[in-house]
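Engineer: Got a structure here, written out as structure tokens. Questions coming.
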Amino acid sequence: MEQNNSELHRQIIHFYRVTKHFGGVYALCDLSFDILKNDFVFITGPSGAGKSTLIKLLYLGERMSDGYAIVDGINLSRISRQQIPMLRRRIGVIFQDFKLIANRTVFQNVALVMEVAGFKSRSLIRERVGDLLELVGLSHQADAYPPTLSGGEKQRAAVARAMVGKPKIILADEPTASLDPAASERVLQLLRAAHARGATIIITTHDRDLLSRFDARAIYLEGGRRVDAAGGEAG
Ligand code: ADP
């Protein structure tokens, strides 16, 4: 694959012939793609296509079985267990089922990211978490516990948590699948705002309507392989 220097410089993710199997089940097969800094990209395809697995490989929730992948200059097959937190600090992740900690308040859920990243200043943490909760429209729910929130509010808390560490990359795995249209639109607006601030945004969705409403690039998967928009195998 020929790439000129300026393209390499702008690349933040490079996958080359990546395969992931779980025993005999191939979740991803020979997958190659590039994502540039500040791209806004959808990963799409039917259920079982390998979208979630791809997201997991990117934040090292799972290790790939074969191939070559670079994320923000880090070679995913070479990274040691000790270096994984360094990679994860550069990535914010949003899940369909939110994954908020039920017995911590919204404020504490978001603040935890900064604490884990080693921020010691309580006033800095308070300020930054406060700013993020304001951005996502949850200042009034800072002391609420996640089980008392609506789905849309939970997902906005999850977006605040994903953004608070100022990550270069935000991964969102079906972030709107369990939300109503108005709540979905609000979450997408927040992802657009993160994009406008310079982050690279990667969103998985099986929802073709969502894609049609965006003028964004899409990578199509089917049965773990990359296909073109019409369903044919992509080169
Ligand atoms: P999608 O997110 O597009 O619905 P997934 O990445 O969840 O697809 O799954 C892709 C394929 O890999 C499916 O066949 C799924 O059953 C399989 N798979 C995913 N995770 C595991 C796992 N931990 N163990 C076994 N098979 C898995």
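The values are calculated or read from the model by the stated rules, or taken from the named source; none is laboratory data. Source: prediction; values computed, not measured. Neighbour counts run over all protein chains shown; Cβ positions are idealised from the backbone, glycine included. Surface accessibility is based on the protein's heavy atoms, side chains included, excluding ligands, DNA and RNA. Shrake-Rupley method; radii C 1.70, N 1.55, O 1.52, S 1.80 Å.
Engineer: Looking at the stretch 15-34, which of the residues that are more than 16 Å from the ligand (Cβ to nearest atom) and more than 16 Å from the chain's Cα centre (by Cα) is most open to solvent (accessible area, probe 1.4 Å)?
Structural biologist: Within the stretch 15-34, the first condition is being more than 16 Å from the ligand (Cβ to nearest atom), and the residues that meet it are 16-17, 32, 34.
Next, from what is left, pick out any that are more than 16 Å from the chain's Cα centre (by Cα): 16-17, 32.
Numbers: Y16: 96, R17: 121, S32: 28 Å².
Per the stated criteria, the residue is R17.
Engineer: Looking only at the stretch 36-64, which residues are under 13 Å from F15 (Cβ atoms) and hydroxyl-bearing (S, T, Y)?
Structural biologist: Within the stretch 36-64, T53 is the sole residue that qualifies.
Engineer: Still on this structure, I have one more. Residues in the stretch 126-146: is at least one over 23 Å from P181 (Cβ atoms) and basic (K, R)?
Structural biologist: Yes; the residues of the stretch 126-146 include at least one that is over 23 Å from P181 (Cβ atoms) and basic (K, R).
Engineer: Against the condition modelled with pLDDT of 95 or more, within 16 Å of the ligand (Cβ to nearest atom) and touching a Pro at 6+ places or on another chain (Cβ under 9 Å), how does I94 come out, does it pass?
Structural biologist: Yes; evaluated as a whole, the condition is true for this residue.
Rundown of residues vs (1) away from the ligand (no atom under 15 Å from the Cβ); (2) closer than 24 Å to A194 by Cα; (3) open to solvent by 30 Å² or more (accessible area, probe 1.4 Å); (4) modelled with pLDDT under 95, yes/no style:
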residue	(1), (2), (3), (4)
L36	yes, yes, yes, no
D39	yes, yes, yes, no
L57	no, yes, no, no
N75	yes, no, yes, no
R78	yes, no, yes, yes
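Engineer: Looking for whichever is touching a helix residue (DSSP H, G or I) at 6+ places or on another chain (Cβ under 6 Å) and among the charged types (D, E, K, R) here; the options are K99, K37. Which one fits?
Structural biologist: Testing whether each residue is touching a helix residue (DSSP H, G or I) at 6+ places or on another chain (Cβ under 6 Å) and among the charged types (D, E, K, R) leaves just K37.
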